[in-house]
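Input: a single structure, listed below in structure tokens.
The values are calculated or read from the model by the stated rules, or taken from the named source; none is laboratory data. Note that the coordinates shown come from a computational prediction; the quantities given were computed from them, not determined experimentally. Counting neighbours? That spans all protein chains shown, and the Cβs are built from the backbone with ideal geometry, glycine included. SASA here: full protein model, heavy atoms, side chains in, ligands and nucleic acids out. Shrake-Rupley method; radii C 1.70, N 1.55, O 1.52, S 1.80 Å.
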Amino acid sequence: MIKILIPYALRSFTERNAEVEVEGKTAGEALNALAGIYPDIKNHIFADNGQPSTASHLRDFINLFIDGKNINTLQGLDTPVADNGEIMIIPAIAGGMNGVRT
């Protein structure tokens, strides 16, 4: 099983679960398994690619880390995940004071 750590901002789509265990051999398979359990999360992690049954890439503001390494520096969603591996979903945070300088 692969453990996916869910950030607070997305827990409303996972029945408030902070972590979910899924089956899969790659990051993409694990995320698709997560979306199979909690379909409402799919639109919040995957970009619309015109293929509703599969997802080929993450939204621009979603980062994934497998055992502490960003998948963007590895093989993307094709990055293998070991059994008992851990995936962290990290949404990018933006904001500020609208150009106000202190």
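Looking across the range 48-62, the residues that are at pLDDT 85 or above and either open to solvent by 60 Å² or more (accessible area, probe 1.4 Å) or polar (S, T, N, Q) (or both) come down to Arg59, Phe61.
Once the range 1-42 is narrowed to residues that are assigned to a loop (DSSP other than H, G, I, E, B) and of a type in the set (Gly, Ala, Ser), the residue that is nearest to Asp78 (Cα to Cα) is Gly24.
Working only within the range 1-31, note down all residues that are farther than 15 Å from Phe65 by Cβ and either touching a strand residue (DSSP E or B) at 6+ places or on another chain (Cβ under 9 Å) or buried (at least 19 other Cβ atoms within 10 Å of the Cβ) (or both). Spell out how you get there, then give the answer.
From the range 1-31, those farther than 15 Å from Phe65 by Cβ are 1, 8-9, 11-18, 20-25, 29; that's our starting set.
The answer is Met1, Ala9, Phe13, Thr14, Ala18, Val20, Glu21, Val22, Glu23, Gly24, Lys25, Glu29.
Residue count for the range 22-43 satisfying the condition of being without any contact (Cβ under 8 Å) to a residue 40 or more places away in the chain and within 15 Å of Leu10 (Cβ to Cβ): 10.
Matching residues to (1) closer than 23 Å to Tyr8 by Cα; (2) open to solvent by less than 90 Å² (accessible area, probe 1.4 Å); (3) of a type in the set (Lys, Arg); (4) modelled with pLDDT of 95 or more:
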| position | (1), (2), (3), (4) |
| --- | --- |
| Phe46 | yes, yes, no, no |
| Leu64 | yes, yes, no, no |
| Gly68 | yes, yes, no, no |
| Leu74 | no, yes, no, no |
| Ile87 | yes, yes, no, yes |
